[in-house]
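Every read-out reported here was derived from the displayed coordinates using simple, explicitly stated rules and does not represent laboratory data. In this text, all values refer to a predicted model and were calculated from it rather than measured experimentally. We place every Cβ from the backbone using ideal geometry, glycine too, and count neighbours over all the protein chains shown.
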Amino acid sequence: MQIQKPKILSRLDGSHIAYYQTLGALPGVIFLSGFMSDMMGIKACYIEKLCREWGRAFIRFDYFGHGASFGEFEEGSIGRWKNDTLAVLDELTVGPQVLVGSSMGGWIMMLASLARSERIAGLVGIASAPDFTEYLVEKLPPIYRQELEANGVCYIPSVYGKKPYAFTKKLIDDGHAHHVLGNPIPIHCPVRLVHGFNDEDVSWQQSVRLLECLESKDAQLTLIKGGNHRLSTEEHLNVIGEKLKELLEKSLKSPLTPPFQSGEHEHSKNSQRGDY
């Protein structure tokens, strides 16, 4: 089967954002991928399939420097990727939206929700990694810290694929300017967080910290025993799907139709990149 080319959202600076969009009813759903991940991953395509079944509007897209979008990854930053998300939200959608953020996408969805609170019907965080640039520096071995200081960038081998992780001084400095943990986070929409208990990349304690900071009175964390960072098995996907379904039904104040089905899922070939 031939893969359809993504659509393109042009930006004023000459760059563009690649995206796939499914038309449907509101609230819509927007998927935010992780660090050096992209919109072709298992979770993004799984949620797209669910939204088609439910008749919901849906968008998955690539940030600047990711996947099919414009730009060199090393030139990206948390603020840039937040602005990409806001551009998708403002220019490609109308009405209430539920944001689903995976890993770094869990940080980006918080920033987008703070900027557009009136548009956000709910948040689903998958192995959320808010402020990950802060503890990233602490975990860097000395050889990579030296490379970062000398060159402004260091490259660390990835266990998920051939392409190494690129960590830049720009990313770390910009990340510090966009921290969300440590103070109350004035987000009041329903929030559902899911985290693997055996996540070796982003500790589940990060989701606990996030839960503690959220001002929302309707915020919950589900820990999956044995779950790793990717949370891409059928069992894990079903948990994520149920949390999304719960938020959509809460916004609709009625069950989704057609009924939620948790059978086999049509997974696309994963990009094999990690999800920071």
*Against the rule of thumb 2.2 N^0.38 Å, how large the Cα Rg of region 1-155 comes out*: 1.08
*Using label points projected 7 Å from each Cα along Cα→Cβ, tell me how many nm separate GLU235 and LYS7, to one decimal.*
3.8
*Taking a quarter of the surface of the convex hull around the Cα atoms of region 183-232, what do you get in nm²?*
3.5
*HIS188 paired with GLN205, simple spin-label distance in nm, labels 7 Å along Cα-to-beta-carbon*: 3.2
*For the chain, calculate the relative contact order in percent as a whole number, restricting contacts to Cα pairs under 8 Å that are 6 or more residues apart.*
22
*Return the Rg/Rh value of region 79-186, two decimal places, where both radii are evaluated on C-alpha atoms and Rh is the Kirkwood radius.*
1.03
*Overall Cα dimensions of the chain - principal axes, largest extent first, Å*: 56, 41, 34
*Cα-based convex hull volume of region 80-132 per residue, rounded to whole Å³*: 62
*How much net charge surrounds ARG209 when only the other residues with a Cβ under 12 Å from the Cβ of ARG209 are counted, with Lys and Arg +1 and Asp and Glu -1?*
-3
*Which of HIS179, HIS16 comes first, and how do the rest follow, when ranked by fewest Cβ neighbours within 10 Å?*
HIS179, HIS16
*As a check on your grasp of the helix formula, calculate [θ] at 222 nm for the chain: sum -39500 (n - 2.57) over DSSP H runs of n ≥ 4, divide by the residue count, round to the nearest 500.*
-11000 deg cm²/dmol
_Span-rule helices in the chain, defined as complete DSSP H runs reaching 20 Å or more along the axis (Cα) with Kyte mean at least -1.0_ = 78-92, 234-252
_Test of the criteria: in region 155-259, which GluC sites (Glu not before Pro) are in a DSSP loop and have at most 11 other Cβ atoms within 10 angstrom of their Cβ?_
GLU200, GLU215
_Convex hull of Cα atoms in region 165-258, direction-averaged projection (nm²)_ = 8.1
*FRET efficiency, 1/(1 + (r/R0)^6) with R0 41 Å, evaluated for GLN220 and THR22 via beta carbons*: 0.95
_Considering only C-alpha atoms, what is the centroid distance from region 200-250 to region 85-164, in Å?_
16
*What's the exposure ranking of PHE61, PHE70, going from fewest to most Cβ atoms within 10 Å?*
PHE70, PHE61
_Let me check I've understood the local charge: for LEU193, count other residues with C-beta under 14 angstrom from its C-beta, Lys and Arg +1, Asp and Glu -1. What total comes out?_
-2
*Simple label model, 7 Å out from Cα along Cβ direction - GLU75 to SER15, nm*: 0.8
